[in-house]
Every structure is written in C-alpha cells, then in structure tokens.
Amino acid sequence: LGLPISDDLVAMVAPGGVGASAVVLAGGGAAPTFDGVSDALRVPTAQVRLFGKPDAPKKRRLGVALAGGDSVAQARVRAVEAAGKITVRFSE
C-alpha cells in the first residue's frame, strides 16, 4: 500500500525479550546458493530463513535473518550481523 511502517507501531516479540529481522538481498541472477549460513547461525539467538527462489532479479529478497535480544537495538544489531554474514552466489 506504500504506507510507512513505524518502529512505534510494529514490534516483534521473541521469547524472553524482543526480536528483529534483517533481509538477505540478491544482486541478480539464476540458481542462487548461499555461503556463510553457518557463520550467521553463530550470532547469538540468530535464526535464518532462506526462501529457495529459483532466480533473483536485482534487489530481490531471498531470505531473512531473525534475532532476539534484551532490547530492540540489541536484537537489530544481531539480525543485521547475521544477515551480513550470508553471501548469495549465482550459477554462471
């Protein structure tokens, strides 16, 4: 709908605290594979969801990293760190 989403209106609640998510974006190509998932899962409380899409136009969301924390800021830092460890590669 093109409406803004405010941090004041939307909060992800995780067991024992709050949570945050960060996207895993693609650069564009066919048959994506993922490197660094095991590193992403070493971030405290991190979980990773990869969508298994067969191709990825530029800036397509191919996954998401989720993380919890004692504060939104801590959860966000963890989610961004986990997502940043994942590299999307494409067949040539």
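Once the mean 1/r over all distinct Cα pairs of region 14-79 is inverted, what Kirkwood radius in angstroms do you read off?
Final number for the Kirkwood radius of region 14-79 is 12.5 Å.
Ignoring everything but the protein chains, give the 1.4 Å probe accessible area of VAL77 in square angstrom, nearest 10.
My reading of the accessible area for VAL77 is about 100 Å².
Roughly how many nanometres apart are two label points built 7 Å out from the Cα toward the Cβ at PHE51 and VAL72?
2.4
The values are calculated or read from the model by the stated rules, or taken from the named source; none is laboratory data. Just so it is clear, the structure is predicted and the values come from calculations on it, not from any experiment. Every residue, glycine among them, receives a Cβ derived from its backbone with ideal geometry; neighbour counts consider all protein chains shown. Heavy atoms of the whole protein, side chains included, go into the accessibility calculation; ligands, DNA and RNA do not. Shrake-Rupley method; radii C 1.70, N 1.55, O 1.52, S 1.80 Å.
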